[in-house]
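Written below as structure tokens is the structure these notes are about.
The values are calculated or read from the model by the stated rules, or taken from the named source; none is laboratory data. Note that this is a predicted model, so its numbers are computed, not measured. Cβ placement follows ideal geometry from the backbone for every residue including glycine, while neighbour counts extend to all protein chains displayed. Remember, those area values only see protein heavy atoms, side chains included, never the ligands or the DNA or RNA. Shrake-Rupley method; radii C 1.70, N 1.55, O 1.52, S 1.80 Å.
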Amino acid sequence: MAGKPKKQDPVDSKELAAELGLSAARINSLYAEREKNDFPAHVGQRGRARLWDLAEVRAWHETRKPSRLEELSLDGGDPDELLNAAQVARVLGYKHRSQITTYLAEHPGYFPEPDEVEELGTYKRLKWRRRTVAAWRDSRPGKGKRTGSTRQAPPLPDVPADGDPEELLTGTQAAALLGFKSLNSFVSSLSQGNLPLLEETDGLSDRGRRAWTRRRILEQSAQRGR
């Protein structure tokens, strides 16, 4: 007689986010609003991290009404409706809004400039029309050559693997060391969660760009090669 299936161990916010296709920040936000949305209570802790019963949260997620942000789509709706960075990231399938600002800061010319910039003191709220984002999505790298674009991605530098293991390397250098053909492909893979050891940076370069140690990049390279 077959025994009962083993109950799955509780999961933390990062594991839960990966399972549901949300961000860990979104999981924590849903938990904070549990009195309004009936999000399941946590069942334990691992250090300071809350743990949830995965089956219980799955059941809640399947029956809940999606938020407006999650209902957004590039297909249909007003093509001139303005979307902020969080909404743009969501409709493009990215986990974090920072992916959009990273494109703008670290790879000029790759992602369209915002259609509107709202000045809020020292903070700027960037907005794109739905049709602007849809046009980029339909012609971005991997979808064929972009109409009217002759800009070629700059070649990646030669980066030695045997340098100082604690030296900080930027995205371009990391892309080269990991064997990517371009910074675009590295950034895309990182945003899709394919480089888990590099989700957190080790610091910033002299120009304020994200950077990782050579040691951690090589650890990620070894993991990818398994």
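A few remarks follow.
- Sparse packing (at most 15 other Cβ atoms within 10 Å of the Cβ) combined with a DSSP loop state is found for the following GluC sites (Glu not before Pro) in segment 75-121: E81.
- Accessible surface, 1.4 Å probe, highest first, among residues H96, H42: H96, H42
- Extension gain for T101-R224 works out to 41.6 nm (0.36 nm per residue, less the C-alpha to C-alpha distance).
- Computed accessible area, Y31, all protein chains, 1.4 angstrom probe, square angstrom: 20
- Here E199 sits with roughly 110 square angstrom of accessible surface, probe radius 1.4 Å.
- Ordered by solvent-accessible area of protein heavy atoms (1.4 Å probe), largest first, the residues K127, K95, K14 come out as K14, K95, K127.
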